[in-house]
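The values are calculated or read from the model by the stated rules, or taken from the named source; none is laboratory data. Remember, it's a predicted structure, so these values are computed and weren't measured experimentally. Glycine also receives a Cβ, built like all others from the backbone with ideal geometry; neighbour counts cover every protein chain displayed.
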Amino acid sequence: MKILFTKSLDIEKVSEKLGTGFSIDFVDVIKTEFIKTKSFGLKNNSLIFTSVNGVKAFFENGFSANENFAEPKNYNKIYVVGSQTKKELRKHNFGTFKLCRNAHELSQFIVENSANEKFLHFCGNIALDILDEKLPLQNISYKKIPVYKTKLLYPKIDEKYQVIVFFSPSGVRSFAKFNNFDDVRIFSIGKTTTSEIEKLTDNKIITSSKNTLADLLNLIKSEANF
């Protein structure tokens, strides 16, 4: 079975997880670059990270959060989407106040539990507007801080694959410009990515409920005999 992952991954780890019977290729459909941003004080703000790149660019630009509970007026709560985002923060010795699977879940949690806080979202230049659309409507202070930019590469794929795997809405848009979804099984890393795919095809989409690569590979392996 021929599988195309729309993102470069560790071939050995993917092959080990899937086992035999799979022919695996990778193609990068997007690339990211950090945006040089002058750092500023984060006092009295809660922080949102929805991607690993957002975390990396945050520290690359010299920002620093305050997790000292003894200073409640200066303390920054950190909200994240995705376990990989949380792991990236741990590399910089920062914890997470709230982990959510996707932006929809995070926006709902903030509305119900954190409406009096002020939020700064460190994100990409084409970040989805889910938080931007919902939080201000609830009179919640919210501001995007673009710290990286995403470029769509629009590759043309000539080879035929039985399975295509997607990892982001922007990756879906990049792939779809010069390629179609005819006669392929589609796997998606999460709900927001799936929503983007559904705009373009009626094909069945198998979506990771945990929004992780490990879960996605398990799904592919379990569906090997479709």
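Of everything in region 97-139, what is β-branched (Val, Ile, Thr) and either at pLDDT below 95 or farther than 17 Å from Lys77 by Cβ (or both)? Give them in sequence order.
Passing the criteria: Ile126, Ile130.
Here are some conditions: (1) touching a Phe, Trp or Tyr at 6+ places or on another chain (Cβ under 6 Å); (2) assigned by TED's automatic domain parsing to the domain that holds Thr6. Gly124 meets all but one. Which one does it not meet?
(2)
For region 116-130, indicate whether the set of residues that are acidic (Asp, Glu), without any contact (Cβ under 8 Å) to a residue 40 or more places away in the chain and not in a helix (DSSP H, G or I) is non-empty.
Taking every residue of region 116-130 in turn, at least one turns out to be acidic (Asp, Glu), without any contact (Cβ under 8 Å) to a residue 40 or more places away in the chain and not in a helix (DSSP H, G or I).
Has region 34-42 got any residue that is in the same structural domain as Glu117 (by TED's automatic domain parsing), surrounded by 12 or more Cβ atoms within 10 Å (Cβ to Cβ) and within 22 Å of Asn113 (Cβ to Cβ)?
yes
Looking at Glu105, Glu133, Glu159, Glu112, which one is out of contact with any helix residue (DSSP H, G or I) (no Cβ under 7 Å at 6 or more places or on another chain), acidic (Asp, Glu) and more than 27 Å from Asp215 (Cβ to Cβ)?
Only one candidate qualifies: Glu133.
Okay, residues lined up against (1) within 21 Å of Lys86 (Cβ to Cβ); (2) of a type in the set (Phe, Trp, Tyr); (3) not assigned by TED's automatic domain parsing to the domain that holds Lys7:
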{"site": "Glu159", "(1), (2), (3)": "no, no, no"}
{"site": "Ser168", "(1), (2), (3)": "yes, no, no"}
{"site": "Arg173", "(1), (2), (3)": "no, no, no"}
{"site": "Asn180", "(1), (2), (3)": "no, no, no"}
{"site": "Phe187", "(1), (2), (3)": "no, yes, no"}
{"site": "Lys191", "(1), (2), (3)": "yes, no, no"}
{"site": "Glu196", "(1), (2), (3)": "no, no, no"}
{"site": "Thr207", "(1), (2), (3)": "yes, no, no"}
